[in-house]
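*Asks:* Quick one: the structure is below, questions incoming.
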Amino acid sequence: MLKIYGAPVSVHTRKVIIVCKLKGLPYQLVPVVPVVPGSVPPNWRELSPTGLIPVMQDGEFTLADSSAICAYLDRTHPRPSVYPSAPRDHATALWLEQYAGGTLFRQVVHPLFHETVVSPNLLHEPSNAHRVDDVVTRVVPEVFGYLESVCGNGHLAGSALSIADIAVTSNLVTLQYLGFMLDHSRFSKLAGLLDRTIRLPAFIEALRAEQQSVQQMGLKGDFLKPVLA
Ligand SMILES: N[C@@H](CCC(=O)N[C@@H](CS)C(=O)NCC(=O)O)C(=O)O
């Protein structure tokens with residue numbers, strides 16, 4: 001069985017879990033939270049050269065990085081594919097997956113997670129309110145404005161669910177767990193994407209399974225109540 005090292009509320013671990021669920025792939029989740037020192041296995045640096053989660057093991061084959069893992073799983077289990085086949089749709093999906101991990105996560109979700117969860121709860125350091133304010137007032141409008149401009153009323157790349165929808169939605173879920181709710185009137189198409197995507201059976205299953213961690217970490221999962229009821 002596939003092993004996935006990671007944490008269910010992690011944006012990139014969730015991305016891999018959703019792809020496994022869509023493809024009906026059984027997996028074993030091995031809990032690893034890199035910011036909690038005792039939680040990493042002794043050979044962690046061998047498994048994850050970056051120290052980041054997720055890592056996947058398929059037998060002897062080990063792969064770090066969610067994008068590489070999802071691309072691998074799409075080759076080993078092609079149906080349903082999460083990468084469009086038309087060249088432009090395929091390239092758009094790769095671009096938005098990259099934008100989700102490189103910009104939406106790095107510039108928005110990661111700093112807000114760090115300042116509101118990691119610093120106060122794990123490092124026992126004060127949050128940097130100035131950094132939070134900068135992300136919310138300067139970075140969010142820019143990043144969400146771009147995503148809103150590429151959102152239609154369907155999928156982000158092509159006419160079916162793709163890795164782009166999964167990657168963007170996974171970030172938005174974690175952001176809302178932190179209490180930074182998406183402004184539906186300002187970013188209505190993005191809100192529509194979030195709303196549609198979290199209602200997919202694979203998302204519902206994954207989100208339901210992570211609610212225990214959400215509660216243990218004191219995150220805000222109430223927005224999912226109508227979806228998971
Ligand atoms: N490019 C990597 C990014 C992975 C990543 O940033 N993971 C986060 C959790 S979502 C992490 O491990 N954070 C722990 C840390 O920054 O120490 C991927 O897509 O897998």
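*Asks:* Checking T62 against (1) assigned to a strand (DSSP E or B); (2) within 25 Å of H114 (Cα to Cα), which test does it fail?
*Replies:* Failing condition for T62: (2).
*Asks:* Tell me which of these L224 doesn't satisfy, since it passes every other one: (1) closer than 24 Å to G154 by Cα; (2) outside the structural domain of E148 (by TED's automatic domain parsing); (3) surrounded by fewer than 19 Cβ atoms within 10 Å (Cβ to Cβ); (4) of a type outside the set (F, W, Y).
*Replies:* The one condition L224 does not meet is (3).
*Asks:* Go through S48, S66, S39 for me and flag whichever is touching a helix residue (DSSP H, G or I) at 6+ places or on another chain (Cβ under 9 Å) and of a type in the set (S, T, N, Q).
*Replies:* S66
*Asks:* If you check R88, R75, which single one turns out to be away from the ligand (no atom under 16 Å from the Cβ), part of a helix (DSSP H, G or I) and either within 27 Å of P201 (Cα to Cα) or touching a residue at least 40 places away in the same chain (Cβ under 8 Å) (or both)?
*Replies:* The match here is R75.
*Asks:* Can you tell me which residues in region 145-175 are among the polar types (S, T, N, Q) and under 20 Å from A68 (Cα atoms)?
*Replies:* If the condition is that a residue be among the polar types (S, T, N, Q) and under 20 Å from A68 (Cα atoms), then S162, T169, S170, N171 are the ones that fit.
*Asks:* Residues that are within 12 Å of the ligand (Cβ to nearest atom), out of contact with any Pro (no Cβ under 7 Å at 6 or more places or on another chain) and more than 20 Å from H184 (Cα to Cα): does region 127-150 have at least one?
*Replies:* No.
*Asks:* Determine which member of the set T197, T137 is in contact with a helix residue (DSSP H, G or I) (Cβ under 7 Å, 6 or more places away or on another chain) and of a type in the set (V, I, T).
*Replies:* T197
*Asks:* Would a scan of region 149-157 turn up a residue that is of a type outside the set (V, I, T), touching a residue at least 60 places away in the same chain (Cβ under 8 Å) and surrounded by fewer than 15 Cβ atoms within 10 Å (Cβ to Cβ)?
*Replies:* no
*Asks:* I'm trying to understand the selection: among the residues of region 159-195, which are farther than 21 Å from T137 by Cβ and in a loop (DSSP other than H, G, I, E, B)?
*Replies:* Passing the criteria: S159, A160, L161, S162.
*Asks:* Taking V227 as meeting all but one of (1) assigned to a helix (DSSP H, G or I); (2) within 23 Å of P26 (Cβ to Cβ), write down the number of the exception.
*Replies:* All conditions are met except number (2).
*Asks:* Also: Please find, within region 17-55, the residue that is farthest from the ligand (Cβ to nearest atom) out of those that are of a type in the set (G, A, S) and surrounded by fewer than 17 Cβ atoms within 10 Å (Cβ to Cβ). Working first, answer last.
*Replies:* So the first thing to find is which residues in region 17-55 are of a type in the set (G, A, S), and the list is 24, 38-39, 48, 51.
Filter once more, so that each one left must be surrounded by fewer than 17 Cβ atoms within 10 Å (Cβ to Cβ): 24, 38-39, 51.
Working: G24: 22, G38: 14, S39: 11, G51: 6 Å.
This residue is G24.
The values are calculated or read from the model by the stated rules, or taken from the named source; none is laboratory data. Note that this is a predicted model, so its numbers are computed, not measured. Cβ coordinates were reconstructed from backbone atoms using ideal geometry, including for glycine residues, and neighbour counts include every protein chain displayed.
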